[in-house]
Structures are given as structure tokens and as C-alpha cells.
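Before we start, here is the structure in question, set down as C-alpha cells.
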Amino acid sequence: MVSDKLTSEPPCNAESDAINRKYRYWRLHVFIGIYVGYTAFYITRKSLTYITPVLIQDLGLDKTDIGLIGTLFYFTYGTSKFISGIISDRSNPRYFMAAGLFLTGVINILFGLSTSFWAFASLWTVNAFFQGWGWPPCSKILANWFSRTERGFWWGLWNTAHNLGGAIAPVALSFFVVTLGWQFGMYAAGIFALVVSLILLVELRDIPSRMGLPSVGRWRNDQLEIAHEQEGKGLPLKAIFFKYVISNRYLWLLALCYILVYVVRIAISDWGNLYLTEVHNCSLTRANSALSVLEIGGFMGCLVAGWGSDWWFGGNRTPMNTIFSIGVLLSVAGLWLIPVSGYFVQLMLFFLIGFFVYGPQMLIGMAAVEYSHKEAAGAASGFVSLFAYFGAAMAGLPLAFVMESFGWDGFFITLSTCSFLILMILLPLLRSEKASIREGFDQKKLR
């Protein structure tokens, strides 16, 4: 039973050998493409974070300046993900994702050539727009090349691209910043993105049906996936969008939850190194290393959350979300309240926060796709991401004001409150999702 859920192979009598070989070949290649591609997107998205202490020290920027840049970025990014999600449902992910990555690489290089605050703010806002072209093509590929009872594993594995980029970039970019200057950190990130954008053109392809292949549900004989593929079949695009995205109450609950998850996630990843340098007098290298450990924890958390939602809960995402959200609350409170006796204790707490916060970050996005229409994967993920990055924007300037007024205690009180509210929002989904998994894809829940 377990091997059936996680296998990449279809039943032996599902299709001809030629189709099986073609499916297996392109599943591997499109997955490698979106994994490497999103790693590059993440590096060019977070590159500013890793040079923030240097900008404050060398150029005289303050926390509200950095907070304003962050808020502008996340508002623009969330809006772009929603708009590009709608567009990507009707676009070839091969070209859509490659173009976005190429342009964000150019913006990173231009940022390194700039020196004024308003140039930084303007360029980073434009970067946010092109960053929004990364996620929707990935969610479209994952929704169409991998079926329901295996998707948790594959989506979780793909989601570790965040963590790979987040683990490599702080150390790698710190080397350039310390040895050559902050500008070269931005150049390195931008050039890497330009190279990977060319790789995407080689590795990515469109969805199976546009390559003459059967749907993934029929190829793997996955009944939950087949039911999802049949749901709302034949509806016009406008009806699909309004019924399965805008009027879908489950997406609204997930979107509200996503706001809070992203407040916590972005606050720790964007302000964590500054917390360590100010409160614990860590060097920039040590502080950025803690962010690498955060991402390593997230890497492992994504795998456990995705695999566990397939293995233990049969494709039911909410129980794993709930378990991980309890971990978020406890680990954030631990970083705030546990007396810290050394650097390695801090690293352990950053690891735990990363492990637990990336579970809901990944599972909520996947659940949004599964609660929506098969042909609206990009729009559904973009819709909840729009709200997610409203939460991320709140971790910018608004949280900077909180810290200016109430210090780091205010910072951690805010994050602890958000962690508790995540649990409260998830509770109504537990019963409904348990029933829907037991009955297959419950059509009534989308009406």
C-alpha cells in the first residue's frame, strides 16, 4: 500500500511501454528543471537579506528603510503571483518560468550597480514582479505530472528548493560580500539566475496532455486524481475561476492561514540575522550561518510533511499542517524565552523553526491546488499566495515599527500570536478534509 503511494511507476497495464518511458523521462526532467529553477529564484529573492547588515552599516540605512523595501517587495510579489498564476494556466511553463528568472537575474545585477535608497526600493519592487513568475509554473507542473496519492512527497521534495537556495546563498554570498564588497554578492546571484534560465529551456516541457500523453491520474490509475480531473470538466474558464477560486470558501480559509504562516516565516528569515548581530553580538558570517541552518531544518521539514501527509493521512494535508503548526508555536517561543547559553543552542532553535514553519508553508499551497479545479492550479496557488505575501509584507515595515517601539520582545510576541492563530484557523478544516478523503474527492466541498 505504501509503495503504491510513493512510486513513480504506473500500474504495469496502464499504458504501452513507449508511453511509460516517455512519462518517466519527462517527469524526471521537468522535476529537475523546476527544482533548480526555483532554487535560483529563491537566491535572487533573498540576496538582499544576506547583505542587509552591511547596507545598514556602510550606507546608513535603518530598519524602517529595510522594512519599507521589504513591504514593497512582498506586496508586489504577492500580486504578481496571483496575476501570473492566472496567466500561467494558459501558458507554457517552459518559457514563462525561464523568462521570469532571466529578468530577475538582470535586476539583481542592476541592484549591485546602485547606491541610493530609492534606486534600491524601485529595483527591488521590479524584482518582486518578475519573482512572481516562478511559483505558478511549478505548481502547474506538479499538479499535472504527479498524482494525488504521491504528490505530497514530490511537492515536499520540490519545496526544499527554497531551503537549498536559502542554505547555500547566505554562506556563498557572504564570501563575496566579505572579500569583494556587497555589490559582488548581488552580481553573483544575478549571474547564477541568468545561467539557470537557459537550463530551464532545456529541461521543462508543458503538461502531459499537450505532449500527447494521458493524464497522470489515468497513467497511474490514481482514483483520487481521476476524480479531481473529472471535477467541473467542460466548464468555461471564467466559470472555473469564479467557482473554484474566488467563491471557494476553503481557499479563503487557507489564504487567511497563509497570511499568518508567512508573517512568521519571513520575519525569522528576514530579521533573524539582524537579531543575532544586535542581541547576541554575532558576526555577519555566524548570523547568516544561522539562516542556513534555518533552511536546512526547512529542507527536512518539507520532506517529512509531504511524505507524512501521503503515508499517514492518505493525501489529507490538514492533520500534518496542525502538527507542524504546534511545532511552530513552541519553537518560536523557545527562541524568545529559553535562556540562550551559546551559539549552538541558537542554531538548534533556528533549525527547529525552519523544520516546522516550512511544513505549513508547503502543504497549504498544495492543498489550495487540490481544493480547486485541475485547470486552475496556477490561479489557486496564486490566489492563496497573494494573501501569503500580504503576510510577508506585514513582516517588513509594520514589524519594523513594532521593533522600534517595543524592541525584540514585541517582535516575538507578534510571532507567537500569529503561530497560535494558525492553529485556530486550521481546526475547521480537520473534519471536512477527513470526510473528503474518505469519500474520494468530495465535489460538494467546492460548491
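Identify which of the listed values of Cα Rg over 2.2 N^0.38 Å was calculated from the structure shown: (i) 0.99; (ii) 0.94; (iii) 1.05.
(ii)
Something else: Tell me, what is the 1.4 Å probe accessible area of residue 206, in Å² to the nearest 10?
So the heavy atoms of residue 206 present about 20 Å² to solvent.
Roughly speaking, to the nearest percent, how much of the stretch 202-329's 1.4 Å accessible area is carbon and sulfur? Display every interim value, and only then the final one.
On the way: 3030 of 4620 Å².
The value for the stretch 202-329 is 65 percent carbon and sulfur by accessible area.
Then there's this: Obtain the nm distance between the two label points defined at residue 231 and residue 279 by a simple spin-label model: each point lies 7 Å from its Cα along the Cα-to-C-beta direction.
Between residue 231 and residue 279, the simple spin-label model gives 4.2 nm.
Based on the mean of other beta carbon atoms within 10 Å per residue, what is the order of 138-146, 236-244, most packed first? Can you show the working numbers first?
Values: 138-146: 25.6, 236-244: 14.8.
Listed from highest to lowest mean packing, they are 138-146, 236-244.
When Lys and Arg each count +1 and Asp and Glu each count -1, what net charge do the other residues less than 14 Å away from residue 77, Cβ to Cβ, add up to? Write down the numbers at each step before the final one.
Values: positive: 45, 46, 81, 265; negative: 270.
In short, +3.
Separate question: Just going by the charge dipole of the chain, with Lys and Arg at +1 and Asp and Glu at -1 on Cβ, which of 195, 173, 349 is farthest out on the positive end?
Toward the positive end, the furthest listed residue is 195.
In Å², what does the accessible area per residue of the stretch 169-276 work out to with a 1.4 Å probe? Please report the intermediate quantities before stating the final value.
Working: 4240 Å² over 108 residues.
Using a 1.4 Å probe on heavy atoms only, each residue of the stretch 169-276 averages 39 Å².
Can you tell me which of 358, 42, 25 moves the most in a GNM of the chain? Springs connect C-alpha atoms under 10 Å apart.
Looking only at 358, 42, 25, the biggest GNM fluctuation is shown by 25.
Rounded to two decimals, what ratio of Rg to Rh does the stretch 135-201 give with C-alpha atoms and a Kirkwood Rh? Display every interim value, and only then the final one.
Details: Rg = 15.8 Å, Rh = 14.0 Å.
Across the stretch 135-201, the Cα-based Rg/Rh ratio is 1.13.
Something else about it: Can you give the calculated 222 nm mean residue ellipticity of the chain, where each DSSP H run of n ≥ 4 adds -39,500 (n - 2.57) and the sum is split over every residue, rounded to the nearest 500 deg cm²/dmol?
Values: 17 runs with 361 residues, N = 447.
Only helices count here, giving -28000 deg cm²/dmol.
Hey, another quick one. Would you mind checking the tilt of helix 182-203 against the longest principal axis of the Cα atoms of the chain, expressed as 0 to 90 degrees and rounded to 10?
That helix lies at roughly 10 degrees to the long axis.
Suppose R0 equals 56 Å; then what is the FRET efficiency for residue 205 and residue 115 from their Cβ-Cβ distance, rounded to the nearest 0.05?
Approximately 0.85, to the nearest 0.05.
While we're on this one: Could you tell me how far the Cα centroid of the stretch 284-315 sits from the Cα centroid of the stretch 162-204, in Å?
21 Å
Moving on. Compute the semi-axes of the equivalent ellipsoid of the stretch 329-385, taking the square root of 5 times each eigenvalue of the Cα gyration tensor, and list them largest first in whole Å. Present the calculation step by step, with values, prior to reporting the outcome.
On the way: eigenvalues 254, 15, 10 Å².
Its equivalent ellipsoid spans semi-axes of 36, 9, 7 Å.
Using the alpha-carbon atoms, what tilt in degrees (0 to 90, nearest 10) does helix 343-371 show relative to the longest principal axis of the chain?
30 degrees
Something else: Which log10 I(q)/I(0) values does the stretch 286-330 give at q = 0.13, 0.15, 0.16, 0.19 Å⁻¹ under the Debye formula, counting every alpha carbon as one identical point scatterer?
Here the Debye-derived log intensity ratios amount to -0.35, -0.45, -0.49, -0.63.
Given R₀ = 25 Å, FRET efficiency for residue 344-residue 56 by Cβ-Cβ distance, to 0.05? Mind dumping the intermediate values first?
Details: r = 26 Å, r/R0 = 1.05.
Computed FRET efficiency for residue 344 and residue 56: 0.45.
In addition: On C-alpha positions alone, give me the angle between the axis of helix 318-337 and the longest principal axis of the chain, in degrees, nearest 10.
10 degrees
The values are calculated or read from the model by the stated rules, or taken from the named source; none is laboratory data. For clarity, every value in this text was computed on a predicted model and none was experimentally measured. For neighbour counting, all protein chains shown are included, and Cβ atoms are generated from backbone atoms with ideal geometry for every residue, glycine included. For accessibility, only protein heavy atoms count, side chains too; no ligands or nucleic acids. Shrake-Rupley method; radii C 1.70, N 1.55, O 1.52, S 1.80 Å.
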